[in-house]
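Engineer: Just dropping this structure here.
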Amino acid sequence: MRIRHDWSRDEIRKTYWLPIPELIFQAQLAHRAFHRPEEVQLCRLLSIKTGGCPEDCAYCSQSAHYDAGVPRETLMNPQDVQRAAQRAKSEGATRFCMGAAWRQVSDGKDFDRVLEMVRGVAALDMEVCCTLGMLTESQARRLKEAGLTAYNHNLDTSPEFYGQIITTRVYEDRLRTIGHVRKAGITVCCGGILGMGESDEDRISLLEQLSRLDPHPESVPINMLVPNEGTPLANAEELDPLVMVRAIATARILMPASRVRLAAGRRGLSQEAVALCFLAGANSIFTGEKLLTTPNPSASADHEMLATLGMRAMQGA
Ligand code: SF4
């Protein structure tokens, strides 16, 4: 199966709107060409610096622009982070992601501390990912030298809808940081959030943007909005889980070799809906009670779910 970066909007739209059985069939063909259909990677995401972010992402409880009741916490110490990673590993996670509520990384003691965290997690032989906001080229290089596997920087939504969700940065800023990550030889984790009031055409446009990145992001998280009290999206309309299924299947067809991650919002999905997302080509989930600041299924609940579905956690980093 050939990897393509030239999907047209029309082709993507036609794929997205295929009848669900055909869409899932096509997604399965793509999935099985590159992945084992019974395997799911378990990842853990830890908030290493919480709250007080100067950005105004309308979905985020950590933005200083809104009062979502999330207490601010300073940067964690590297030993505690390494302990959390060790625990995640013992619960089956092979990838450990660290998130800091920053607009951008500033050089200095905080960044040095993050580098120490990266070295500590890398020493556990896990995939190490960070999401720290915008990065310069030299910061990306230093993260790579410290052992960083992946950098998460989501496009969030379509370029057309972006301004309705975030006004403190532009789409170009995101693409620039992704370029720096690539140049440093770090793999890219980049996806979006559904259920923020965007249209199907916005979802198709987001998928087009992702599919045109060359190479494709190795990791594509598809999040379902978890509405947070106090944020502008607190009363967003609930998303039909089949929209997640369509978006995941389309992402799988467009970017067949990537890991497609069923990320935030999984607690709002039934086990049957999650199974459909796996059928659509999702092959990674985040485990552990918290996803940054939002509730998430526990590791034991996820092991039970995988056993029920006859699936298993991916081994090794
Ligand atoms: S940049 Fe990240 S932490 Fe800051 S408001 Fe946006 S999503 Fe939240």
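The values are calculated or read from the model by the stated rules, or taken from the named source; none is laboratory data. Here the structure is a predicted model, which means the values were calculated and not measured. We place every Cβ from the backbone using ideal geometry, glycine too, and count neighbours over all the protein chains shown. Ligands, DNA and RNA are stripped out before the accessible areas are found, and what is left, the full protein with its side chains, is counted by its heavy atoms. Shrake-Rupley method; radii C 1.70, N 1.55, O 1.52, S 1.80 Å.
Engineer: Quick query: amide H of Lys290 versus all other amide H atoms, modeled in the peptide plane; which residues come in under 5 Å with a sequence gap of 5 or more or a different chain?
Structural biologist: Asn296
Engineer: Pick from Met305, Met196, Met98: which is most flexible by mean-square fluctuation in a GNM of the chain where alpha carbon atoms under 10 Å apart are linked?
Structural biologist: Its mean-square fluctuation being the largest, the pick is Met305.
Engineer: Which percentage, to the nearest 5, of the DSSP beta bridges contained in segment 30-124 is antiparallel?
Structural biologist: Bridges in segment 30-124 are about 10 percent antiparallel.
Engineer: Sum -39500 (n - 2.57) across every DSSP H segment of at least 4 residues in the chain, then divide by the residue count to get the 222 nm mean residue ellipticity, nearest 500.
Structural biologist: Calculated mean residue ellipticity at 222 nm is -12000 deg cm²/dmol.
Engineer: Another question about this same structure. If you build a Gaussian network model of the chain, linking Cα atoms that sit under 10 Å apart, which residue out of Ala64, Ala184, Ala307 swings the most?
Structural biologist: Result for the chain, Cα springs under 10 Å: Ala307 fluctuates most.
Engineer: Would you mind working out the accessible area per residue for the chain, using a 1.4 Å probe, and quoting it in Å²?
Structural biologist: Here the residues of the chain average 42 Å² of exposed surface.
Engineer: Let me ask something else. Within segment 84-126, find all residues whose amide N lies under 16 Å from a label point positioned 7 Å from the Cα of Arg176 along Cα-to-beta-carbon.
Structural biologist: 103-107
Engineer: Now for a separate question. Just to confirm my understanding: which cysteines in the chain have no other cysteine beta carbon less than 4.7 Å from their beta carbon?
Structural biologist: Here Cys43, Cys53, Cys130, Cys189, Cys190, Cys277 come out as lacking a disulfide-compatible partner, given the Cβ-Cβ threshold of under 4.7 Å.
Engineer: Report the number of Lys pairs in the chain whose alpha-carbons are under 20 Å apart, with separation of 8 or more residues or on distinct chains.
Structural biologist: Taking the Cα cut-off of 20 Å, the pair count is 5.
Engineer: Find out how many positive minus negative residues lie around Asp110, taking Lys and Arg as positive, Asp and Glu as negative, among other residues whose Cβ is under 11 Å from that of Asp110.
Structural biologist: Once all neighbours under 11 Å are counted, the net charge is 0.
Engineer: Further question on the same structure: Once both labels are modelled 7 Å past Cα along the beta-carbon direction, what's the His65-Gln79 spacing in nm?
Structural biologist: Placing both labels 7 Å along Cα→Cβ, they lie 3.9 nm apart.
Engineer: Roughly what % antiparallel, to the nearest 5, for the DSSP beta bridges in segment 1-160?
Structural biologist: 5
Engineer: Label Gln164 and Glu22 with points 7 Å out from Cα along Cα→Cβ: what is the distance between them in nm?
Structural biologist: Each label point lies 7 Å from its Cα, and together they span 2.9 nm.
Engineer: Mark the label point 7 Å from the Cα of Ala301 along Cα→Cβ and return the residues of segment 257-288 whose backbone N is within less than 19 Å of it.
Structural biologist: The answer is 262-278, 284-288, whose backbone nitrogens lie closer than 19 Å to the label point.
Engineer: When the chain is fully extended, how far beyond the present Cα-Cα distance does Ser199 get from Glu238, taking 0.36 nm per residue of separation?
Structural biologist: Stretched fully, the Ser199-Glu238 segment lengthens by 12.7 nm.
Engineer: Using alpha carbon centroids, what distance separates segment 129-205 and segment 239-296, in Å?
Structural biologist: 19
Engineer: What FRET efficiency comes out for Arg9 versus Lys183 if R0 is 30 angstrom and r is the Cβ-Cβ distance? Round to the nearest 0.05.
Structural biologist: Efficiency, rounded to the nearest 0.05: 0.60.
Engineer: What figure in square angstrom, to the nearest 10, would you give for the accessible area of Ser47 with a 1.4 Å probe?
Structural biologist: Counting only protein heavy atoms, Ser47 exposes about 20 Å² to solvent.
Engineer: Sticking with this structure for a sec: What spacing in nm lies between the two simple spin-label points modelled at Glu137 and Ser270, each 7 Å away from Cα in the Cβ direction?
Structural biologist: 5.3
Engineer: For q = 0.13, 0.17 Å⁻¹, what log10 I(q)/I(0) does segment 197-268 give under the Debye formula with an equal point scatterer on each alpha carbon and no solvent?
Structural biologist: For segment 197-268, the Cα-only Debye profile gives -0.40, -0.67.
Engineer: Indicate, rounded to the nearest 5 percent, the antiparallel portion of the DSSP beta bridges found entirely in the chain.
Structural biologist: 10
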